[in-house]
Each structure stands twice: as structure tokens, then as C-alpha cells.
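All remarks here apply to the structure that follows.
The values are calculated or read from the model by the stated rules, or taken from the named source; none is laboratory data. Treat the numbers as computed from the prediction; the structure is a model and nothing was measured. Virtual Cβ from ideal backbone geometry, glycine too; neighbours counted across all protein chains shown.
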Amino acid sequence: MSTTQAEPVSQQLPVFVAANMFSLSGGGLHVSYSTSGIDGKPHFSYQDPIRSLSFSGDEIRRVECDLGTVVSVTVVRTIDAGSTSFSLLVPRVNLQPFGNVAIRTDGITTHHAFSIIPTLNQGQRDFYHVTAMHGTASNVVF
């Protein structure tokens, strides 16, 4: 009785890693978001025609959901008229190590209305402006 041994299959599955750096622009906005940095903290930069801001660590709010990750920062604060935040919808992206791919997503600028006069704090309080954004997602070593 002869036995045959199966020959090893030399098939290598592709290795993918999650993107950890996103650079996007659209509608006069330029943003970049990294899930970590050399200091171990996430970093977010925001630039519109009026301001250029940088955020890190706890200044960046992240929520995982069916949309991917919603990353938000506060871009304008006022004492008596509300605030403005910017939220980036960060899609799940897999790519080859140290690679990059083109992506499309949306950024949402939200004005959070507030008045120091309590009777004026009724009705819709959040107002949204959606901006189509495009750019790259990449995997970098920090």
C-alpha cells in the first residue's frame, strides 16, 4: 500500500493593515487625522479659509459606529453664542503595509446654537453643513 503526501501549497495570502493616517480636502477645507503619533496620541489638523488648528489626545473625540469612526473636534468656542465642531467620517480602510489608497468621505461642520437667555434655547439647536472630501488613507510607522 502506498501513501501519498500532499505537497505543501505555497500560496501566500496578502497581508493587509488598517490605515492610520488620513489626509483629505474638499470645499475649502483641509484636514489630516492620524490614529497615533510619535507621542502615542491621536492628532488632527484642521484648516479652513479663516483658521488653521491642531488638536491632539483628549481634544479629539472618536466614536466607532456603523459609519466607521466619527472623529470630532471643536473649531470655534464662544461663551454666549454656542460653538462649532467639525466631524470627519473615517471609513475602515485596509491596505498593504506602508501603502496608501485614494478615499472619499464626508466632513460635517455643526453649529451648536446656544443663548444665555434660556427662553431662546428652544427649537433646533444643531445645524449641519456636509462637505464632500477626498484624499488618501495610508499606513505609516510613528
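Evaluate the following for V101: is it closer than 30 Å to L13 by Cβ and surrounded by fewer than 16 Cβ atoms within 10 Å (Cβ to Cβ)? Judged against the criteria, V101 is a match. If the condition is being under 18 Å from L29 (Cβ atoms) and either among the hydrophobic types (A, V, I, L, M, F, W, C) or not in a strand (DSSP E or B) (or both), then the stretch 94-124 contributes A102, I103, I108.
Contact annotation: residue pairs with Cβ atoms under 7 Å, 6 or more positions apart or on different chains, pairing a residue in the stretch 125-142 that is within 29 Å of Q96 (Cβ to Cβ) with a partner that is among the aromatic types (F, W, Y) and surrounded by 11 or more Cβ atoms within 10 Å (Cβ to Cβ), are G135/F22; A137/F22.
Residue-by-condition table, conditions (1) outside any loop (DSSP other than H, G, I, E, B); (2) out of contact with any helix residue (DSSP H, G or I) (no Cβ under 8 Å at 6 or more places or on another chain); (3) among the small types (G, A, S); (4) at pLDDT 95 or above:
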| site | (1), (2), (3), (4) |
| --- | --- |
| V9 | no, yes, no, no |
| V31 | yes, yes, no, yes |
| K41 | no, no, no, yes |
| D58 | yes, yes, no, yes |
| V63 | yes, yes, no, yes |
| V71 | yes, yes, no, yes |
| S85 | yes, yes, yes, yes |
| R92 | no, yes, no, yes |
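Scanning the stretch 43-59 for residues that are touching a residue at least 24 places away in the same chain (Cβ under 8 Å) and more than 10 Å from the chain's Cα centre (by Cα) yields Y46, D48, R51.
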